[in-house]
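A quick write-up on the structure given underneath.
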Amino acid sequence: MMKLTVLVVLICFNSISGSDSCHDLCMCLESNVDCSRHSLERVPPNLPVWLKTLDLSNNSLHDIDVSTPLSLYPHLTKLKLDYNLLERIPILSNILNVTSLSLSNNRIDSISPDFWDHVPRILSLDISFNKIVQVNSSMFGRSISLQSLNLNNNQIAHIDGSFSSLKDLVDLRISHNDLEILKKEAFKTLINLKKLELNKNKLTTIEGLTFKGLDKLRILKIRQNSISRLQDGAFWGLQTLQILRLDHNYIMNISKGWTYGLTSLQELYLGTNRIRTIEDDSWEECENLLKLDLSNNEISSILPSTFKHLGQLQKLELDGNTITGISEGAFNSTPALKILELNHNHISWIVEDMSGAFYGLKQLYKLGLAGNHITSLNQNAFAGLNNLKVLDLSKNSIKTIQENAFGSMPLAMLTMDTSSLLCDCALTWFPLWLSSSSVQFSQAFCAYPGKLQDKLVTSIPIEDFLCAENGSPKPIITENPRSVVAVSGAKIHLSCKAWSSANSSLVFKWKRNNDDIHSRKTNVINNTSRLEFSPIQPSDGGKYQCIVSNNFGTVYSEKALLTVLVLPIMVKKPGNVTVRAGSTVKLECAATGEPLPQVRWQKDRGTEFPAAQERRMHVMPTDDVFYIINAKPSDSGLYSCIAKNQQAPSLLMLL
């Protein structure tokens, strides 16, 4: 009889609250029940009473088909209803233990304030990929314990003051919506927020103080918007921010104004923008930065000041810019750098000539120089890279490699895919070095001489690396440009002469201060290039270099210094002066020129001044002013102002 009573109780319990076995349409593992992908129109009855996680995603459930059946499972903590036909959030009565609810890819257009009364312990809510147009404070009418809210892929256009009651929120995602403006202090009540995502919206400007109040924010992502303007103080208040993603926008410059306050930043992503300039001291507040991505921008040069203050930076990505110039010592401010990516730029000269661009990078582990139009490697190209293990030179038509070009580096991987090598006696060292080292090397093929064409460089016997009797087909500079001192307005030229044994035309190019010259007139006659200056201007001064190339390699001339002198020109002229005895005489005289002229005075064509002997004369070098105090009759005379530089003097006199 006792046994029959127990059986009756169990039958009644199952009819109300579920069973102890897994439903035929579902899969069960411990406390997890998966009833997804069955085109269900109703919640299966008699699910296990012990379930804590229930997956009903990818079915055909409506609002009314969910609320009541689920109320039978009081132990439920995690519920997935993604990819159904819900038009509103179901009211989950009697399921007070739910902490996670996922409702993505439904048809929900709002959040009812009543919903929160039935889920007092909810920590995570995912309503992404729905039809929510507006978010306001009434949707979160009272203080709730929510920590993660996903509103991605809706149609939200405004969020002003919408989250005032979500003080426990840690993770907020509002990506792929229609946000155009973020007002100042838009998130100020989210005092515990650590992660904020605003990707793929329509933002164009980030105003100052926009993120004020987010004192605990660690990660901020604003990728793939249309941001072109970052106001001063745009990220002020984010003193704990560690990761900032601003890639795929229209940002044009980096300034100290908008980086101000990012003192804890470790990773900054600015790839695929339109950045052309990096102002001096832009990184002064970012001294803890470890990773910086500036790939796919419009940066054309790197100066010693470009990365100043980034002494802890470990990874720098500069791929896909238009870099043609890297100043000597440009990376002196980044001694901790371990990875430097310079792929797909225009900096062949860095490794073709002795540039010294990499001095100071003693900890660099990986260097990417793929796709830089490199045709030759100078033996000192990688000087200073004493710790380099990985070097990428792929997508370059390298023709010549000077002996021991890789000797100073402990390389473990060398990537080259050239098929243009000049395999003569000058390259004998290369296969020997490869065989004696443990470096992992990709393939490289010969192009010259003809009998070795298309052969793998490592497969050729050493005795086959021969030099032609008439010399190397690679260009040879026979006359370097010479340094010149010229007067502004004169007509001059620089010349450069080269020779090659090959029947291949020579191509001449000129650089000024390591930048390509395009506008200056040049002509080539009998393998001699002339760079014309007609007339020469003060702005033409600098270091000039000739680059000669043909099908077999590239060679760089010595650098010639062009100095342009400008005659002194008076810009402040003294005038005749009549004063009473005892008063102060003031005479002004200033001049410009190149180099800057020195100004001196004479009296009656001599250097003897009664006022000077009596210590009544004062010359103000910074103000271009000449004073005589307590003037006397003996001070009368003809005063001459003489401005003189290296070129010639300029003389003005007054009576």
Residue list for segment 274-303, filter: over 9 Å from the mean Cα position of the chain (by Cα) and of a type in the set (S, T, N, Q): Thr277, Ser282, Asn288, Ser300, Ser301
Test: residue in segment 475-487 that is hydroxyl-bearing (Ser, Thr, Tyr) and more than 40 Å from the chain's Cα centre (by Cα): yes
Residue check for Ile517: crowded, with 19+ Cβ neighbours inside 10 Å and at negative phi: no
Among (1) assigned to a strand (DSSP E or B); (2) farther than 21 Å from Gly329 by Cα - the single one Leu391 does not satisfy: (2)
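Determine, yes or no, whether Ile108 is over 27 Å from Ile206 (Cβ atoms), surrounded by 18 or more Cβ atoms within 10 Å (Cβ to Cβ), modelled with pLDDT under 95 and over 32 Å from the mean Cα position of the chain (by Cα). Can you show your working first?
On the way: over 27 Å from Ile206 (Cβ atoms): yes; surrounded by 18 or more Cβ atoms within 10 Å (Cβ to Cβ): yes; modelled with pLDDT under 95: no; over 32 Å from the mean Cα position of the chain (by Cα): yes.
No: the conditions fail for Ile108.
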Segment 624-637 residues that are on the phi > 0 side of the Ramachandran plot, paired with ones that are surrounded by 18 or more Cβ atoms within 10 Å (Cβ to Cβ) and at pLDDT below 90 (beta carbon under 8 Å, 6 or more apart): Asp624/Cys589; Asp624/Val599; Asn630/Arg616; Gly637/Lys603
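One line per residue, one yes/no per condition, for (1) more than 26 Å from Thr322 (Cα to Cα); (2) at pLDDT 95 or above; (3) buried (at least 23 other Cβ atoms within 10 Å of the Cβ):
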site: Gly213; (1), (2), (3): yes, no, no
site: Arg229; (1), (2), (3): no, yes, no
site: Asp232; (1), (2), (3): yes, yes, no
site: Leu241; (1), (2), (3): yes, yes, yes
site: Asp247; (1), (2), (3): no, yes, no
site: Tyr250; (1), (2), (3): no, yes, no
site: Ser255; (1), (2), (3): no, yes, no
site: Ser264; (1), (2), (3): yes, yes, no
site: Cys286; (1), (2), (3): no, yes, yes
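Specify which of the listed residues (Asn154, Asn150, Asn136, Asn130) is surrounded by 18 or more Cβ atoms within 10 Å (Cβ to Cβ) and more than 22 Å from Val98 (Cα to Cα).
Working: Asn150 fails: more than 22 Å from Val98 (Cα to Cα); Asn136 fails: surrounded by 18 or more Cβ atoms within 10 Å (Cβ to Cβ); Asn130 fails: more than 22 Å from Val98 (Cα to Cα).
Of the residues listed, the single one that is surrounded by 18 or more Cβ atoms within 10 Å (Cβ to Cβ) and more than 22 Å from Val98 (Cα to Cα) is Asn154.
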Residues that are part of a loop (DSSP other than H, G, I, E, B), buried (at least 18 other Cβ atoms within 10 Å of the Cβ) and of a type in the set (Gly, Ala, Ser), drawn from segment 468-513: Ser472, Ser488, Ser500, Ala502
Boolean, Lys184 is closer than 26 Å to Gly233 by Cβ, surrounded by fewer than 15 Cβ atoms within 10 Å (Cβ to Cβ) and out of contact with any Phe, Trp or Tyr (no Cβ under 8 Å at 6 or more places or on another chain): yes
Residue in segment 439-461 that is within 22 Å of Leu342 (Cα to Cα), surrounded by fewer than 20 Cβ atoms within 10 Å (Cβ to Cβ) and modelled with pLDDT under 90 present: yes
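Inside segment 550-607, can you point out the residues that are in a loop (DSSP other than H, G, I, E, B), among the hydrophobic types (A, V, I, L, M, F, W, C) and assigned by TED's automatic domain parsing to the domain that holds Asp515?
First pass over segment 550-607, keeping only residues in a loop (DSSP other than H, G, I, E, B): 551-552, 557-559, 573-584, 589, 595-597, 604-605, 607.
Of the ones still in play, those that are also among the hydrophobic types (A, V, I, L, M, F, W, C) are 552, 577, 579, 581, 589, 596.
Within segment 550-607, Phe552 is the sole residue that qualifies.
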Some residue of segment 130-142 being closer than 23 Å to Cys35 by Cβ and over 38 Å from the mean Cα position of the chain (by Cα): no
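Consider Leu318 carefully, then state whether it is under 22 Å from Pro335 (Cα atoms), in contact with a Cys (Cβ under 9 Å, 6 or more places away or on another chain) and surrounded by 23 or more Cβ atoms within 10 Å (Cβ to Cβ). Working first, answer last.
Details: under 22 Å from Pro335 (Cα atoms): yes; in contact with a Cys (Cβ under 9 Å, 6 or more places away or on another chain): no; surrounded by 23 or more Cβ atoms within 10 Å (Cβ to Cβ): yes.
So Leu318 fails the test.
Please find, among Asn387, Asn404, Asn396, the residue that is of a type outside the set (A, V, I, L, M, F, W, C), modelled with pLDDT under 95 and assigned by TED's automatic domain parsing to the domain that holds Phe331. Explain how you work it out, then say what you get.
Details: Asn387 fails: modelled with pLDDT under 95; Asn396 fails: modelled with pLDDT under 95.
Exactly one residue qualifies, and that residue is Asn404.
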Residues satisfying the stated conditions in segment 608-639, i.e. assigned to a strand (DSSP E or B), at pLDDT below 85 and surrounded by 18 or more Cβ atoms within 10 Å (Cβ to Cβ): Met617, Phe626
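Restricting to segment 493-516, count the residues that are over 23 Å from Ala357 (Cα atoms) and basic (Lys, Arg).
Within segment 493-516, the subset over 23 Å from Ala357 (Cα atoms) is 493-508.
Cutting the leftovers down to basic (Lys, Arg) gives us 497.
Count: 1.
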Selection within segment 393-424 - buried (at least 18 other Cβ atoms within 10 Å of the Cβ), touching a strand residue (DSSP E or B) at 6+ places or on another chain (Cβ under 9 Å) and farther than 17 Å from Ser437 by Cβ: Ile398, Lys399, Thr400, Thr418, Ser420, Leu421, Leu422, Cys423, Asp424
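Can Ser534 be described as modelled with pLDDT of 85 or more, among the polar types (S, T, N, Q), closer than 30 Å to Pro475 by Cα and in contact with a Lys or Arg (Cβ under 7 Å, 6 or more places away or on another chain)? Give the derivation first.
Details: modelled with pLDDT of 85 or more: yes; among the polar types (S, T, N, Q): yes; closer than 30 Å to Pro475 by Cα: yes; in contact with a Lys or Arg (Cβ under 7 Å, 6 or more places away or on another chain): yes.
In short, yes.
The values are calculated or read from the model by the stated rules, or taken from the named source; none is laboratory data. Values in this document were obtained by computation on a predicted structure and should not be read as measured data. With ideal geometry, Cβ positions are generated from the backbone for all residues, glycine too; neighbour counts draw on all protein chains shown.
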